[in-house]
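Structure first, then comments.
The values are calculated or read from the model by the stated rules, or taken from the named source; none is laboratory data. Keep in mind that this is a model prediction, so the values were computed, not measured. Here Cβ is always computed from backbone atoms with ideal geometry, including for glycine, and neighbour counts include all displayed protein chains. For the accessible areas, the whole protein counts, side chains as well, though only heavy atoms, and no ligand, DNA or RNA atoms are used. Shrake-Rupley method; radii C 1.70, N 1.55, O 1.52, S 1.80 Å.
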Amino acid sequence: HWLERTRYNHLAECPDGFELTWQGQTRQMPPFSLNPTDRRSVEFMGELFSELLPHFSSEKFNVGCDETWDVGKGRSAQAVEEKGAGRVYLDYLLGIYDLLKHHRRTMHYWGDIIIQHPDLVPELPKDSVVLEWGYEADHPFEEHGAEFARSGIPFFVCPGTSSWNTIAGRTDNCLGNVRNATENGLRHGAIGLLNTDWGDNNHTQYLPVSYLGFAAGAAMPWCFETNRDEDLIAALDMHAFRDEARVMGKLGHELGNAHKQAGPAPHNSTVLFHLLTQAPDLPVPDGVTVESLRQTDEHIRSVVEPLGRARMDREDAEITRDEFANATRMMLHACRRGTAMLEGSLDSTEIQEELAAEMNIILGEHRRLWTARNRVGGLQDSERAFEERLREYEGTS
């Protein structure tokens, strides 16, 4: 959002925004990346570092520098054509590196861009750390780890909780992702593992959805051979949910897999998340049928049936229970909306009234639960998809 403001817009690669094609869909994006060829971009970062770093004692500092989707599409286009996107990126990164040396900090940076230019990997500073991230169970941690190891570049492997772009997580993908990262990080000499938890597309998931991923990210890197195939359900009940009834560990685990009943999962997401958040004129994801959604609905109801019997010894037990209850409402609503889209009844007055009534409950609960845990500043973004659905059902979109 900084680059949308007049004060900083002159630093943007694409001051007027750009078109991004992602997973077959094109959307207009706001100004996104700093122009890497403008020295003022590095100077601006230097100002921010000077304000921020004195308040922290850690010698490690993650400068980001990932997902440079628009670089080369705007003000750096000529430099990218002449020198190549990899060289333009590396030159900018080295400018940031010099700033961090001045502050006597070790630079950590995401590795998704530089790994696309393996010929430049040996030029990376040996006293900085690449953060090799990837969030699918089959991410090439083995191939990328070998590349950094060959060049003697220190690196972390960075899997994630698989909670974002979902409603209740992606359990099997999460466990496979953390296992893959840990195993290949050990094989190629990674110096650490950074477990990640994101809020892409306005953070519709609640905190406890990530507990399984937190547990996996703690257990496997700590002692891989012992914990690589460990059933985390009992550990979640004991250490995360503190549930004497032993309900929540299994419930969270199984609810995170419920999306698989509906159809093949899109990259880094779930079918149910798409059905909940996508515009009504977009096609239903491939492989989703009325019957698969009916079975998904039944499965979700079966999984969450024991929720009321949980006995969590936590101060936030009631909030946690309500968070899973509202996540369930979202998932069931996605099934209902997807069914209406497939049957061509989404424009029916009766269906719209029923969906609007459901969404009013979801939205009201989401607002209450968000403010119970989170800074209010993120609520406006987080509730946007629910408000869009409500306007759609009420015919005011």
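If the condition is being surrounded by fewer than 17 Cβ atoms within 10 Å (Cβ to Cβ) and either part of a loop (DSSP other than H, G, I, E, B) or modelled with pLDDT under 95 (or both), then segment 129-151 contributes ASP138, PRO140, SER151.
Comparison of ASP98, ASP172, ASP119 shows that the only residue that is under 26 Å from GLU323 (Cβ atoms) and of a type in the set (D, E, K, R) is ASP172. Checked across segment 108-128, the condition of being more than 28 Å from ASP197 (Cα to Cα), open to solvent by less than 20 Å² (accessible area, probe 1.4 Å) and free of Cβ contacts under 8 Å to residues at least 40 places away in the same chain holds for at least one residue.
As a summary of the residue check, ASN201 satisfies the conditions (1) modelled with pLDDT of 95 or more; (2) within 17 Å of THR270 (Cβ to Cβ); (3) not aromatic (Phe, Trp, Tyr) except for the one numbered (1). Checking segment 255-273 against the condition returns a match, with at least one residue being closer than 18 Å to LEU212 by Cα, assigned to a loop (DSSP other than H, G, I, E, B) and in contact with a His (Cβ under 8 Å, 6 or more places away or on another chain).
Screening segment 250-295 for residues that are hydroxyl-bearing (Ser, Thr, Tyr) and touching a residue at least 40 places away in the same chain (Cβ under 8 Å) and picking the one that is nearest to THR161 (Cα to Cα) gives SER269. Checking each residue in segment 17-58 for being open to solvent by 60 Å² or more (accessible area, probe 1.4 Å), under 26 Å from the mean Cα position of the chain (by Cα) and closer than 25 Å to LEU90 by Cα picks out GLU19, THR21, TRP22, PHE32, LEU52.
If you filter segment 84-107 down to residues that are within 17 Å of PRO154 (Cα to Cα) and in a helix (DSSP H, G or I), you find that the one that is most open to solvent (accessible area, probe 1.4 Å) is LYS101. Listed by position, the helices (runs of 4 or more DSSP H) contained in segment 306-392 that have at least 2 residues being hydrophobic (A, V, I, L, M, F, W, C) and within 21 Å of the chain's Cα centre (by Cα) are 317-343, 349-373. The set of residues from segment 339-363 being of a type outside the set (A, V, I, L, M, F, W, C), over 18 Å from LEU282 (Cα atoms) and loosely packed, with under 13 Cβ neighbours inside 10 Å comprises THR349, GLU350, GLU353.
Within segment 201-234, can you find the residues that are over 13 Å from PRO159 (Cβ atoms), open to solvent by 40 Å² or more (accessible area, probe 1.4 Å) and free of Cβ contacts under 8 Å to residues at least 40 places away in the same chain? The answer is TRP222, CYS223, GLU225, THR226, ASP229, GLU230, ASP231, ALA234.
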